[in-house]
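Q: Have a look at this one.
Nothing in this text is a laboratory measurement; each read-out follows from the coordinates by a stated rule. Quantities reported herein were computed from a predicted structural model and do not represent experimental measurements. Glycine gets a Cβ as well: all are built from the backbone with ideal geometry, and neighbour counts include every protein chain shown.
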Amino acid sequence: MYAQCGDMEMACQVLDAMPERDAVSCNVMLAGLLGHGGLSPQATEVWRRMLGEGHKPDSVVLSTILCHHPDDGKQGLEVHAWVIRHGLETELSVANALIEMYSRKNDLGHVLSVFESMPMRDLASWNAIISAHRQDFRVLMMFRRMVDSGVRPDETTFAAVLSACDSLGLVEGGMRLFSEMENKYTIQPTVQHCTSVVNMLGKAGMVDEAYELTSKRACLGSEPTVLRALLHASSVHANIRIGEIAAKKLLDLEPDNAHHFVTLMKMYENTGRFEDLEKVKKMMRDKGL
């Protein structure tokens with residue numbers, strides 16, 4: 001009761017006072033600690049005491065404790081070893097949590113080992129493996145494997161794969177997937193999806209195409225995240241026309257954000273527009289930036 005209400009101090013006192021603790025009480029206590037304080041020293045102590053007394057954590061607790069491990073921590077490896085010894089590596093939620101843990105560590109070898117040994121996979125499994133490939137060119141292959149297996153991608157899937165295409169410069173594949181998302185799967189693009197695509201196109205010097213994508217979607221015209229990506233791409237590739245459009249909208253939305261002024265000044269400086277550069281400097285002085 002105390003653990004569910006968030007009173008961890010009282011819950012610990014009750015647990016300590018119990019003459020005989022069972023697996024249920026330990027699981028409830030550990031789940032409460034993890035839910036309210038993450039992998040705190042208190043939670044770690046309960047975990048070690050639980051194992052020392054021979055109590056078996058359930059799949060929910062195992063999944064939660066794996067998700068809370070720091071990227072560089074060794075305890076996650078200890079938990080994985082415990083999972084293997086007790087034959088729980090095929091539990092779907094546990095396997096998914098292991099994939100996410102190793103993904104945070106950028107340990108693609110262990111990620112693939114866990115994934116390929118899974119007897120069954122759900123949408124969360126595929127989303128986790130695709131996210132793990134965010135810096136790996138096999139990400140598109142993983143997406144196709146997912147679709148071929150009969151699992152329908154969702155908004156999260158496309159957020160992960162489009163972000164990977166942005167990072168890896170996979171423009172053709174990224175645009176094909178963006179089109180599939182809208183036309184085949186009828187998923188409405190979010191700001192996150194569009195920002196990835198604008199960044200991806202901008203890095204490739206396709207600033208006009210990036211602007212066309214945003215101009216077709218009126219809702220994106222007032223999204224600072226998308227506009228910042230567009231302004232940055234315009235500055236890098238000296239696209240004054242689109243850069244000024246993005247900058248004007250950004251300065252209307254965030255008039256005191258000095259970064260927008262600086263990006264605009266760099267664009268003018270790099271293209272020899274020194275008169276415009278001085279105007280922006282004056283605007284900054286007038287605003288006290």
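Q: For a quick check: sort 82, 47 by the number of other beta carbons within 10 angstrom, fewest at the front.
A: 82, 47
Q: I would also like to ask the following. Multiply the residue gap between residue 209 and residue 179 by 0.36 nm, knock off their C-alpha separation, and tell me the result in nm, one decimal place.
A: Working: separation 30, 0.36 × 30 = 10.80 nm, distance 1.39 nm.
Contour length minus the Cα-Cα distance gives 9.4 nm.
Q: What is the order of 90, 263, 214, 186, fewest Cβ neighbours within 10 Å to most?
A: Numbers: 90 12, 263 21, 214 24, 186 7.
Fewest-to-most ranking of 90, 263, 214, 186: 186, 90, 263, 214.
Q: Between residue 287 and residue 252, what's the calculated FRET efficiency when r is the beta-carbon distance and R0 is 22 Å? Round to 0.05.
A: Here the calculated transfer efficiency is 0.95.
Q: Pick out, from 289, 237, 220, the residue whose Cα sits farthest towards the positive end of the charge dipole of the stretch 206-289, with +1 on the Cβ of Lys and Arg and -1 on the Cβ of Asp and Glu.
A: The residue sitting farthest along the positive end of the dipole is 289.
Q: With a Förster radius of 30 Å, plug the Cβ-Cβ distance of residue 275 and residue 191 into 1/(1 + (r/R0)^6) and report the FRET value to the nearest 0.05. Don't skip to the end; give the middle numbers.
A: Numbers: r = 35 Å, r/R0 = 1.15.
That pair, residue 275 with residue 191, gives E of 0.30.
Q: Let me ask something else about it. Residue 48 to residue 151: extension gain in nm, 0.36 nm per residue of separation minus the Cα-Cα distance? Before the final figure, lay out the partial values.
A: Working: separation 103, 0.36 × 103 = 37.08 nm, distance 3.79 nm.
Answer, rounded to one decimal: 33.3 nm.
Q: List, largest first, the extents of the alpha carbons of the stretch 142-289 along their principal axes, each in whole Å.
A: 59, 25, 21
Q: Further question on the same structure: Where does each of 172, 182, 223 land when they are ranked from fewest to most other beta-carbon atoms within 10 angstrom? List each step's numbers first, then the result.
A: Numbers: 172 10, 182 14, 223 19.
In order of increasing Cβ crowding within 10 Å: 172, 182, 223.
Q: Ignoring solvent entirely, what values of log10 I(q)/I(0) come out of the Debye formula for the stretch 206-289 at 0.17 Å⁻¹ when each Cα is a single scatterer?
A: -0.63
Q: What are the lysines whose alpha-carbon lies under 24 Å from the alpha-carbon of residue 56, with same-chain residues fewer than 8 places away excluded?
A: Within the straight-line cut-off, residue 56 pairs with 74.
Q: On to the next question. Of 105/216; 184/249; 249/281; 105/184; 203/248; 216/248, which ones are farther than 29 Å apart at the Cα?
A: As for pairs spanning more than 29 Å Cα to Cα, those are 105/216; 184/249; 105/184.
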